[in-house]
Amino acid sequence: MRKIDIHCHVIAFPEFSTTRPNGANFLSAEEQIAIHDKAGVDFGVLLPLISPEARWSCMSNEETQYVVSQHPDRFTWFCNVDPRQGSYNDKSDLHHLIGQYKEKGAKGLGELTASLYADDPMMQNLFRACVDLDMPVLIHIAPQHGNTYGIVDELGLPRIEKMLKKYPDLKIIGHSAAFWSEISSEIVQEKRNGYPTGKINEGRLPKLMREYGNLYADISAGSGSNAMMRDPEYAAKFLTEFADRVYYGADVCNPEQTFQYDFIAFLENLVKEGGVSRENYEKIMYKNAEKMLGLTK
């Protein structure tokens, strides 16, 4: 069965790239393809990283386009634009920039990691451009300013809700520990950026997804996989109810990570045990992505 990874980061020229203080680095395109082959994934969406909050070094839109040009059968891409780009105000013509990237093949925008409140005027300027250009936005939510990265919202995601309500045609794809912590009602501020454990008592996230059809979910990384694997019974309910708006992703950030293999095995087991139907599993693993990306095979 086809699998599409909605959340990939690669560096175009690893020989020139700087590492993190711990010596780790993102994958080359070849390393990502090897991991995809092992996991049975045949296509991925590359997400540039341009905001300084998220990076020791940046992954530019241009480098990302280059990787896609070298491996068009394995990758497509989202562009990335920081809301502060241009004139560092909410009047910057981001339509001009995002429109050019769309003309060059970008299928959406993300991963959005700028450390601004989710409803900041500059953030809204970016969101308006994405609505006008019909570009879905993949966001990383942070629990606070500083000591992390991502667009900032408080417990319960009130600012994200404000944006979902104000821009009903804006497709927001949620991601991050702070986003997935909201799947359960027990979360507290001090643990929003971690990986909570234990059974899930329904939290704010599923309620927002019921109320706002323009909120989507990216189950990648330790955050998304943990939110599912901590409570398989609830995961089956969540994935069944929101099967049309959940995307499989891995978000592998260095070649040594292996959680992605266990997570795919977990999802496959949900199908084998009858918790998730084959039809819904196919939507999550590739059909939803095919629809969003305009892909055919």
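List of remarks:
- In sequence order, calculated HN-Hα J values of the range 220-232 (Karplus, 6.51, -1.76, 1.60; Hz; x Gly/Pro): 7, 6, x, 5, x, 5, 5, 4, 7, 6, 5, 8, x
- Dipole-positive endmost among Met135, Pro52, Ala106 within the chain (Cβ charges, Cα centre): Met135
- Contour minus Cα-Cα distance for Gln100 and Asp37 (0.36 nm per residue): 19.5 nm
- Over the chain: helical MRE at 222 nm, DSSP H runs n ≥ 4 each giving -39500 (n - 2.57), nearest 500: -10500 deg cm²/dmol
- Each of Pro255, Thr197, Phe78 was scored by the projection of its Cα onto the charge dipole of the range 4-293, and the greatest displacement toward the positive side belongs to Thr197; charges sit on the C-beta of Lys, Arg, Asp and Glu.
- Stretch gain in nm, segment Glu241-Glu211, where the contour uses 0.36 nm per residue and the Cα spacing is subtracted: 9.5 nm
- Distance between the range 225-297 and the range 3-34 - C-alpha centres, whole angstrom: 22
- The range 106-192, Rg to Rh (Cα coordinates; Rh as Kirkwood inverse mean 1/r): 0.96
- Shape analysis of the range 17-88 places it in the oblate category; the axes a ≥ b ≥ c from the Cα gyration tensor give an a/c of at least 1.5, with a/b not above b/c.
- Residue (of Phe179, Asn61, Ala39) at the positive-pole extreme of the range 4-293, dipole from beta-carbon charges: Phe179
- The residues neighbouring Val252, those whose beta-carbon lies less than 10 Å from its own, together hold a net charge of -4 under the Lys/Arg +1, Asp/Glu -1 convention.
- Net charge dipole, the chain: roughly 480 debye, given to the nearest 20, about the Cα centre with Cβ charges of +1 for Lys and Arg and -1 for Asp and Glu.
- FRET E, pair Leu155, Glu202, Förster distance 22 Å, beta-carbon r, rounded to 0.05: 0.90
- In summary, the range 173-297 shows an alpha-carbon radius of gyration equal to 1.01 times the 2.2 N^0.38 Å reference for compact globular proteins.
- Placing +1 on the Cβ of every Lys and Arg and -1 on the Cβ of every Asp and Glu, with nothing else charged, gives the range 155-297 a dipole about its Cα centre of roughly 520 debye.
- Where both bridge residues fall in the chain, DSSP classifies roughly 10% of the beta bridges as antiparallel.
- If the chain linking Lys162 and Glu15 were pulled fully straight, counting 0.36 nm for each residue of separation and taking away their Cα-Cα distance, it would gain 48.6 nm.
- Here the simple spin-label model places points 7 Å from the Cα toward Cβ, and for Asp93 and Glu233 these points are separated by 5.8 nm.
- One Cα centroid belongs to the range 71-96, the other to the range 151-205; the line between them spans 24 Å.
- Ranking of Phe259, Phe238 by count of other Cβ atoms within 10 Å, fewest first: Phe259, Phe238
- Derived scalar couplings between HN and Hα for the range 203-219 equal x, 6, 4, x, 5, 5, 5, 5, 7, 10, x, 9, 9, 10, 9, 10, 8 Hz in order, rounded to whole Hz, by the Karplus curve 6.51 cos²θ - 1.76 cosθ + 1.60 (θ = phi - 60°), x for Gly and Pro.
- For the chain, modelled as a GNM whose springs connect Cα atoms under 10 angstrom apart, the maximal fluctuation among Gly86, Gly249, Gly110 occurs at Gly86.
Bear in mind these aren't lab numbers, they're just calculated from the coordinates by the rules spelled out. Keep in mind that this is a model prediction, so the values were computed, not measured. With ideal geometry, Cβ positions are generated from the backbone for all residues, glycine too; neighbour counts draw on all protein chains shown.
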